[in-house]
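The values are calculated or read from the model by the stated rules, or taken from the named source; none is laboratory data. These numbers were taken from a predicted model, which means no experiment stands behind them. Glycine also receives a Cβ, built like all others from the backbone with ideal geometry; neighbour counts cover every protein chain displayed. Protein only, heavy atoms only, side chains kept; ligands, DNA and RNA dropped before computing areas. Shrake-Rupley method; radii C 1.70, N 1.55, O 1.52, S 1.80 Å.
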Amino acid sequence: MVEETPWQQALRYANRADPYPLYEELRKTPVARQPDGTYVVSTYREIVALLHDPRVSSDLRKRPVPAAAQTEGSAEPVAEPIRAVLTEPNIITCDPPEHDRDRRMMVPHFVGPPHAPHAISDLEPEIRRIVDGLLDNMRGKTRIDAVDDFAYPLPVTVICKILGVPLEDEPRFHQWVETALDALDFGPEAASEEIRSRQAGGRQAVREFGQFAADLLDRYARQPGPGMLSAMVNEDGPEGRMSKGVLVSNALLLIFAGHETTVNLIAHSVLTLLRHPDALEKLRRRPELIVPGVEELLRFESSVQFWHTRSAVEDIDIAGTTIPKGAPIFLAYGSANRDPERFTDPDELDLERPDNQHLGFSQGIHFCFGAPLARLEVQVAVGEFVRRVQNPRLVEDPPPYRHNQIFRGPRHVLVDIDGIRD
């Protein structure tokens, strides 16, 4: 039996709750070729270099598709259900100048500077109202699920409002997202019959999700309404409008990315603080630490563990290794954010960590433009959880994790509590 690489081991579900010892082993070879020809980059300096390297493409259309991945139901990572169904790119799966044009067309309709410098802060009262309501609903309970009762409802409510997605449609797209994510597997378990079966379900979920987005965009094209999606479909700027396929692909990205990563960040923040009672008490005594504290929580438990759509468009020499033209490149953010060459005592939680330039939102041209909104949501949610929840205790540690490896997060975080403060 061939011994698995540290990366292959890290991708196994058994290691989902704690991949960090395997990341430590992985960083001994900063750029490591895997048996399938993928190059995994695990150290901070090398990842930052590649994020700013024009020889690295994010466009899946430029990546050669192995023969094994051209068959429906293949377990090859590049045969993921989203790529198999959505043939048009979105802003994280295309390169300049296409990327730059589409991002310029989208950002003015989203919240945040420079186009709407007060839009983020103007959302704070609504975010606080939602958080207060969620915590009020916990009154009388002695056990809560920090995921289902708290981490999920906030970001999904906010992103539906911003995008103009009817909140009553949330149960449908929640199921599509869950099914699609469970179908993604980049590790040795991808060849199992269970994962092959999930892939078929994942493709169908993305088809249905895509049709939902297309129908919503068509509705807004006929009758404009509130939110970003209506603004995008009725765009009359100097660069024209996106094609229908690109609109659908970006709509799915926004609906998904607008809540999924924030759910994991809130859930992991609660989990991490309960594992570190001294930090929890410090934050309770000094609530102003929530701003640097969220940055540390972003570093400590990265919502996006790695990203998989990049490839080399030329040979790239880096860290003593040549990544050949056409090779897939996986950037392991979760490992880089624990790199001792960049962060002092990286496995220690320090709510006042200086110079905390983590990669929780990536860097370069694909830096997450929703980062200001995510930061505000997590600051309010975690700050109020710490202030109002009395004597929270973990029921199970580690908690059960989702299957998905990229968007690593707990499926449930059960917490026993004594009550909810006013």
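Within the range 222-250, residues that are farther than 15 Å from residue 108 by Cβ and assigned to a loop (DSSP other than H, G, I, E, B) sit with their Cβ atoms under 6 Å from residues that are open to solvent by 20 Å² or more (accessible area, probe 1.4 Å) and at pLDDT 90 or above, at 6+ positions apart or across chains, in these pairs: 224/234. Exactly one residue among 238, 287 is modelled with pLDDT of 95 or more, farther than 18 Å from residue 164 by Cβ and open to solvent by 60 Å² or more (accessible area, probe 1.4 Å), and that residue is 287. Against the test of being more than 30 Å from residue 191 (Cβ to Cβ), modelled with pLDDT under 65 and not hydrophobic (A, V, I, L, M, F, W, C), the options 97, 114, 125 yield a single qualifying residue, 114. Taken over the range 251-288, the residue count meeting the criterion of being without any contact (Cβ under 8 Å) to a residue 40 or more places away in the chain and part of a helix (DSSP H, G or I) is 5.
Looking only at residues of the range 177-204 that are among the small types (Gly, Ala, Ser) and either over 30 Å from residue 35 (Cα atoms) or in contact with a Gly (Cβ under 8 Å, 6 or more places away or on another chain) (or both), we find that the one that is most open to solvent (accessible area, probe 1.4 Å) is 200. Residues in the range 304-314 that are open to solvent by 10 Å² or more (accessible area, probe 1.4 Å) and either of a type in the set (Ser, Thr, Tyr) or free of Cβ contacts under 8 Å to residues at least 60 places away in the same chain (or both): none. The set of residues from the range 399-422 being of a type in the set (Phe, Trp, Tyr), in contact with a Pro (Cβ under 9 Å, 6 or more places away or on another chain) and assigned to a loop (DSSP other than H, G, I, E, B) is empty. If only residues of the range 316-329 that are touching a residue at least 60 places away in the same chain (Cβ under 8 Å) and assigned to a loop (DSSP other than H, G, I, E, B) are counted, the one that is farthest from residue 276 (Cα to Cα) is 326.
Checking each residue in the range 15-37 for being buried (at least 19 other Cβ atoms within 10 Å of the Cβ) and of a type in the set (Val, Ile, Thr) picks out only 31. Within the range 119-176, restricting attention to residues that are closer than 21 Å to residue 220 by Cα and of a type in the set (Val, Ile, Thr), the residue that is surrounded by the most Cβ atoms within 10 Å (Cβ to Cβ) is 159.
Kindly evaluate residue 386 against the criterion of being among the aliphatic types (A, V, I, L, M), out of contact with any Lys or Arg (no Cβ under 9 Å at 6 or more places or on another chain) and either outside any loop (DSSP other than H, G, I, E, B) or over 20 Å from residue 268 (Cα atoms) (or both). Considered against the rule, which asks whether it is among the aliphatic types (A, V, I, L, M), out of contact with any Lys or Arg (no Cβ under 9 Å at 6 or more places or on another chain) and either outside any loop (DSSP other than H, G, I, E, B) or over 20 Å from residue 268 (Cα atoms) (or both), residue 386 comes out as no. Considering only residues that are open to solvent by less than 40 Å² (accessible area, probe 1.4 Å), out of contact with any helix residue (DSSP H, G or I) (no Cβ under 6 Å at 6 or more places or on another chain) and not small (Gly, Ala, Ser), look in the range 319-337 and name the one that is farthest from residue 307 (Cα to Cα). Of everything passing the filter in the range 319-337, 321 is farthest from residue 307 (Cα to Cα). On the stretch given as the range 341-383, residues that are among the aliphatic types (A, V, I, L, M), in a loop (DSSP other than H, G, I, E, B) and open to solvent by less than 10 Å² (accessible area, probe 1.4 Å) total 2. Residue-level analysis places residue 185 outside the set of residues that are in contact with a helix residue (DSSP H, G or I) (Cβ under 9 Å, 6 or more places away or on another chain), of a type in the set (Asp, Glu) and part of a helix (DSSP H, G or I).
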